[in-house]
Amino acid sequence: MGKTILIIILILIACALIVGVILYSTQEVEEVVDMAAECEEQGGHYTIGGSGMPFCYLPTADAGNPCTDNDECESFCVAEEESATEGTCYPETPFSGCWWVLEDGATKGQVCD
């Protein structure tokens, strides 16, 4: 009799957890759909990052322009090599990937998102 009650309690707990997850997931999905639509309306693209966090990547007006300092760009002034003295303005915000960031015509370190 005791084992039967324990099994019933465990089944009820499992059902409650499943219903809670379904309700939360449905609400979360609706929020993600709304955020993605808003992002796309602004000309961006929406994705879930490796950390599980949502991101809206928006294009920058100065994408690809030559630069020597972050102050010249909407996002970052980036280069592919540590020895670079000139880079290009990163094409979107927020920043993603691993790049050498330029300040005053010199790389100041590699930044990775």
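Each reported figure results from applying straightforward, stated rules to the coordinates on display, with no laboratory input. From a predicted model like this one, the values you see are computed outputs, not experimental measurements. Neighbour counts run over all protein chains shown; Cβ positions are idealised from the backbone, glycine included.
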message: Could you check the spin-label model distance between Glu81 and Ser96? Points 7 Å from the Cα along Cα→Cβ, value in nm.
response: 2.7 nm
task: Would you tally the net charge around Met53, using a Cβ to Cβ cut-off of less than 15 Å, leaving Met53 out, and scoring K and R as +1, D and E as -1?
output: -3
task: Compute the Cα gyration tensor for the range 60-112, then decide on rounded, prolate or oblate, letting a ≥ b ≥ c be the square roots of its eigenvalues: rounded whenever a/c is under 1.5, prolate when a/b is larger than b/c in the other cases, and oblate in all that remain.
output: oblate
